[in-house]
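Each reported figure results from applying straightforward, stated rules to the coordinates on display, with no laboratory input. Because the structure is predicted, anything quoted here is derived from the model rather than measured. So basically every Cβ, Gly included, is an ideal-geometry build from the backbone, and we count neighbours across all protein chains shown.
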């Protein structure tokens, strides 16, 4: 009897040993088939230069330890770009998977109607519970299962949110009294997880900060952060080489240097941080500061230090709040089951070339930080120089959600295989497109468009508004990014680059046709583009006239402004 029992036991043990691996294998397959949660995090104006994994000038300050850890545990994209470096258009691209000439959001006045908010609609259809929390900036009601969003740009303090309720959008509101927006937005996302999250469904949560958008109001607890530190300065803070720019950005004889692009120091008399930041934060400047009496170099130096300290304090608040959010996800066994994407809505100038804000086609504002973590599929420690556009973000998320057929309206592509293998597909894009439409609005940036490859960037400043008016001088710029990654030497007229210029220009024109930027939306603007596209001698002569005329108009406007103040 004992021998029979031993044989039965041995048989049972053998059977279990055969079945268990099959069960484990089946569980693994089921786990792989189950779509991940998706957490899309976006900060406003958080540029790659202020993320530790990208930073060079600011790296020693260690501004983003939480984000750096996130990137090290996944993949860091070095060539992710927006298609239009301004808040509302960038968000519309991510929501729709379309360039702005297709989704109709050209500028800050744009909106995406609920029925056209493709990303959350498709994810809901795929079984996801959707939530939008934080900065929205698209005017109309979000088409999410849950939303709690800032009105317009939102406030840094006493943060108000628009929420769902008994009244129609946008009448239901709630205020977080006395709370900084970064804290209030994170508190709101954590509250959603604690009270609204349905564990039976995967979640798609957009967690979107207002910070570090200007003007940079940090939470009081960060006021001592960097107070006694001298922030490293970018090499081009005080001057750029004569080889930089063109008639479009400098004028025929540099006469437009004070009037194109708002400044850190007092170069631009209409708008500068030397004046604007001092008015808001005089405590960040030394006693006796006087913009009229101090030299341009001195006002630039002091304004830069004030600017970067306020900006980085806001960044610190973002990073610390992400640590809070990630801690919650880890404590509830959600962190490793979630595809986490971190980005900014575009880049931002941190004093390079004495510029502030964004909007330009130059890399400082064109490039977006992009960190992606999902340990079940994306190996840690990767970096990629593949060209990614923000219109590709929704396609990636939908791919991970199991949505294999994208709508015909989508112009972006999924880069999931790139995330998981580090290798670009053979047919992956070799160029990206850029267009800024808000000609000379707010920050004195000319209307411009650009094509960028991994090795070169060609920019056409066509210089007019939607109706072809208020012209600034049209001009072309070409940068060899392999030799000149900081875009300081315009080689457009260099004979050695004649073939590169010719090929890129043809490619540029073809790309416009392929993506549908055919000018039909604003034909008078397109007429100016076509007039100056060839850049012949007659075009250049007319550009000189336009440069002189614009200088006269701008100086007359400034004189009227000064008289109004006196």
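Observations
- Entry note, the chain: relative contact order of 20 percent, from Cα contacts under 8 Å with a spacing of 6+ residues.
- Take the Kirkwood radius over Cα pairs of the chain, plug it into Stokes-Einstein at 10 °C and 1.306 mPa s, and you get 63 µm²/s for translational diffusion.
- Radius of gyration over Kirkwood radius for the range 332-403, both on Cα atoms: the Rg/Rh ratio is 1.06.
- Label zone of residue 332 (point 7 Å out along Cα→Cβ, amide N under 16 Å): in the range 115-132 this covers 129-132.
- Those residues of the range 116-131 whose amide nitrogen sits under 14 Å from the label point placed on residue 201, 7 Å along Cα→Cβ: 120-131
- The convex hull built on the alpha-carbon positions of the range 388-466 has an orientation-averaged projected area of 7.3 nm².
- For the listed peptides 379-386, 395-402, 275-282, a ranking on the average number of other beta carbons within 10 Å per residue, highest first, reads 395-402, 275-282, 379-386.
- Axis of helix 537-565 versus longest Cα principal axis of the chain: the two differ by about 90°, to the nearest ten degrees.
- A Förster radius of 60 Å, combined with the Cβ-Cβ distance separating residue 493 from residue 167, puts the computed FRET efficiency at roughly 0.50.
- Modelled label positions at residue 175 and residue 513, each set 7 Å beyond Cα in the direction of Cβ, lie 5.7 nm from each other.
- Using a Förster distance of 30 Å, the FRET efficiency for residue 441-residue 323 (Cβ separation, nearest 0.05): 0.25
- Theoretical FRET efficiency, 1/(1+(r/R0)^6), r = Cβ-Cβ of residue 559 and residue 292, R0 22 Å, to 0.05: 0.85
- Stretch gain in nm, segment residue 194-residue 230, where the contour uses 0.36 nm per residue and the Cα spacing is subtracted: 8.8 nm
- For the chain, the longest principal axis of the C-alpha atoms and the axis of helix 296-331 are separated by about 10°.
- When only alpha carbons are used to place a centre, the range 350-401 and the range 49-76 end up 13 Å from one another.
- Global form of the range 245-349, assessed from the alpha-carbon gyration tensor, a/c cut-off 1.5: oblate
- The range 179-308 - Rg (one decimal) and Dmax (whole number), Cα, Å: 20.6, 66
- Cα pair distances in the range 163-214, grouped into 5 Å bins until the bin that holds the longest one, percent each: 4, 16, 19, 23, 23, 11, 3, 0
- Theoretical ellipticity at 222 nm over the chain - DSSP helices of four or more residues, -39500 (n - 2.57) apiece, nearest 500: -11500 deg cm²/dmol
- DSSP-defined antiparallel bridges as percent of all bridges, the chain, nearest 5: 55
- Cα gyration tensor category, rounded, prolate or oblate, for the range 398-514 with a/c compared to 1.5: oblate
- With Cα atoms defining each centre, the range 417-431 and the range 134-156 are spaced 33 Å apart in the structure.
- To the nearest ten degrees, helix 181-195 and the longest principal axis of the Cα atoms of the chain are 20 degrees apart.
- Seen from all directions on average, the range 282-325 presents a Cα convex hull projection of 3.4 nm².
- Residue ranges 494-502, 254-262 sort as 254-262, 494-502 when ordered by packing (mean number of other C-beta atoms within 10 Å per residue, highest first).
- In terms of packing, defined here as the mean over residues of other Cβ atoms within 10 angstrom, the peptides 77-87, 215-225 line up highest first as 77-87, 215-225.
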